[in-house]
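The values are calculated or read from the model by the stated rules, or taken from the named source; none is laboratory data. Because the structure is predicted, anything quoted here is derived from the model rather than measured. Note that we place each Cβ from the backbone using ideal geometry, even for glycine, and neighbour counts take in every protein chain shown.
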Amino acid sequence: MTTIRIAGVARAFGAVAAVRDVSLQIGDGEMFTLLGPSGCGKTTLLRMIAGFCDLDRGSIHFDDQRIDTVPPHRRNTGMVFQNYAIFPNMTVARNVAYGLKARNVPAAETGDRVGRALRLVHLDGYGERWPHQLSGGQLQRVALARCLVIEPRVLLLDEPLSNLDAQLRVEMRSEIRQLQQSLGLTALYVTHDQEEAMSISDRIAVMRAGNIEQLGAPWEIYGRPATPFVAQFMGTTNLLTGQITATVDGRTRVRVADQDFLVGASSAAIGSAVSFSLRPEAIRPLREGEAAPPGWAVLDAQRTRIEFLGALTRLDLALGGGGTLRVATIGLPPQALGSERMRVAYDPAGVTVFA
Ligand SMILES: Nc1ncnc2c1ncn2[C@@H]1O[C@H](COP(=O)(O)OP(=O)(O)OP(=O)(O)O)[C@@H](O)[C@H]1O
Ligand SMILES: [Mg+2]
């Protein structure tokens, strides 16, 4: 049972403010992810929790215990790194037993616990192997077992999958998620991969330049991005800027170059500039003569590109006055799209408007 409470922490390295002023709470048994581009401060924040990086300001608590003043080896955190950090001159079993030895756990109990940890990560029977005999995925499982064996209060994972190939990454992320859930561990996960973050997390904090830009459940962050930065970082989107020309029935008409868009309600006045995010998959191509669903906006456009990706087909449409609108559709083979002149529809209520 561990909650993490981070209050007003900051850390600078010389002139670089790595973490500016971060406060957040992670619930017991929660999988919480720090997501953001390279250099935004994810690892620094994780290392503050592990005890490998001092705070300039703020405090960190595990439950009611203040831990930022406690030395790292007494915080009882387990950390998994991108590069595994497995000792090459020790067998798998001795690697996993390492933390127990440091804690003076008796040999018999060590054997049991190492066996259990290896079973958890599906490496039963690998104890006597040497690291060079293992694949990348197996090495990362050893690193995970080495953390789990000490029964940490908090599991910290820093880009644990980025050295693995794409398919293995997808498999391992769901294994990590299942393990974390079945053990009820409080975990902090760091990644710059937005899909990985969404698939694995209860909640995500999107970081930018040392601050949290948005915090929420994956679907909130994807579906209701708070800023243009988050909208663009979380997958592909059409980020458009135009001028409000009218408000009609609680909806707003925005002129972008020579093209009108209908978006949801906006508090901004007529004539003011506004940005909005329209996801490619929220735009539906209409077939010849097909009517749009009631309340949807329709655009006439010239198709300039088709990219068939199997399950998904991506289209580029030329907007009036320049610019491109990206569309993604499933279950629609390219030959069903008809002529290059086409109509698409979207629900204005699904557009995120940035005031
Ligand atoms: N020990 C250090 N000395 C000097 N600068 C540092 C140190 N550690 C981090 N920084 C700087 O602090 C900033 C944040 O670094 P951090 O490693 O936390 O980023 P990150 O989000 O983990 O990035 P990445 O995705 O590339 O791992 C960067 O500008 C980095 O160069
Ligand atoms: Mg990092």
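Of note:
- Subset of region 303-351 [at pLDDT below 85, closer than 13 Å to PRO285 by Cα and outside any helix (DSSP H, G or I)]: GLY331, LEU332, PRO333, GLY338, SER339
- Only one of the listed residues (ARG326, ARG255) is under 30 Å from the mean Cα position of the chain (by Cα) and either farther than 30 Å from GLN194 by Cα or surrounded by fewer than 19 Cβ atoms within 10 Å (Cβ to Cβ) (or both). That residue is ARG326.
- Boolean, ILE204 is within 16 Å of ligand 1 (Cβ to nearest atom), buried (at least 22 other Cβ atoms within 10 Å of the Cβ) and either more than 28 Å from ALA97 (Cα to Cα) or basic (Lys, Arg) (or both): yes
- Check on VAL351, in contact with a strand residue (DSSP E or B) (Cβ under 7 Å, 6 or more places away or on another chain) and in contact (Cβ under 8 Å) with a residue 60 or more places away in the chain: yes
To keep it simple, each residue is scored yes or no on (1) of a type in the set (Val, Ile, Thr); (2) within 21 Å of LEU188 (Cβ to Cβ).
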{"residue": "GLY78", "(1), (2)": "no, yes"}
{"residue": "PHE81", "(1), (2)": "no, yes"}
{"residue": "ALA85", "(1), (2)": "no, yes"}
{"residue": "ASN95", "(1), (2)": "no, no"}
{"residue": "GLY115", "(1), (2)": "no, no"}
{"residue": "ARG119", "(1), (2)": "no, no"}
{"residue": "GLN138", "(1), (2)": "no, no"}
{"residue": "VAL142", "(1), (2)": "yes, yes"}
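- Test for GLN214: is it free of Cβ contacts under 8 Å to residues at least 40 places away in the same chain and not in a helix (DSSP H, G or I): yes
- Residue count, region 2-54 (criterion: near ligand 1 (Cβ under 8 Å from one of its atoms) and either touching a His at 6+ places or on another chain (Cβ under 9 Å) or in a loop (DSSP other than H, G, I, E, B) (or both)): 9
Here's the yes/no breakdown for (1) exposed (fewer than 13 other Cβ atoms within 10 Å of the Cβ); (2) under 26 Å from ALA7 (Cβ atoms):
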residue: THR77; (1), (2): no, yes
residue: VAL105; (1), (2): no, no
residue: ARG113; (1), (2): no, no
residue: LEU118; (1), (2): no, no
residue: TYR126; (1), (2): no, no
residue: SER135; (1), (2): yes, no
residue: VAL149; (1), (2): no, no
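- SER38 being under 15 Å from LEU215 (Cα atoms) and assigned by TED's automatic domain parsing to the domain that holds LEU156: no
- Looking only at region 5-19, and only at residues there that are touching a residue at least 24 places away in the same chain (Cβ under 8 Å) and more than 16 Å from ligand 2 (Cβ to nearest atom), the one that is surrounded by the fewest Cβ atoms within 10 Å (Cβ to Cβ): GLY8
- Any hit, region 189-207, residues being in contact with a Pro (Cβ under 9 Å, 6 or more places away or on another chain), among the basic types (Lys, Arg) and under 30 Å from GLN82 (Cα atoms): yes
- Close contacts from region 42-69, counting a first residue that is within 16 Å of ligand 2 (Cβ to nearest atom) and a second that is part of a helix (DSSP H, G or I) and modelled with pLDDT of 95 or more, with Cβ to Cβ under 6 Å and a gap of 6+ residues or different chains, come to CYS53/THR44; CYS53/ARG47.
- Taken over region 268-300, the residue count meeting the criterion of being of a type in the set (S, T, N, Q) and over 30 Å from the mean Cα position of the chain (by Cα) is 1.
- Some residue of region 58-70 being within 16 Å of ligand 1 (Cβ to nearest atom), charged (D, E, K, R) and modelled with pLDDT of 95 or more: no
- Among residues of region 288-305 that are closer than 23 Å to ALA265 by Cα, those with a Cβ under 8 angstrom from a residue that is among the aliphatic types (A, V, I, L, M) and surrounded by fewer than 16 Cβ atoms within 10 Å (Cβ to Cβ), sequence gap 6+ or separate chain, pair up as ALA292/VAL298; GLY295/ALA349.
- Against the list (1) under 28 Å from PRO72 (Cα atoms); (2) part of a helix (DSSP H, G or I), the condition VAL170 fails is (1).
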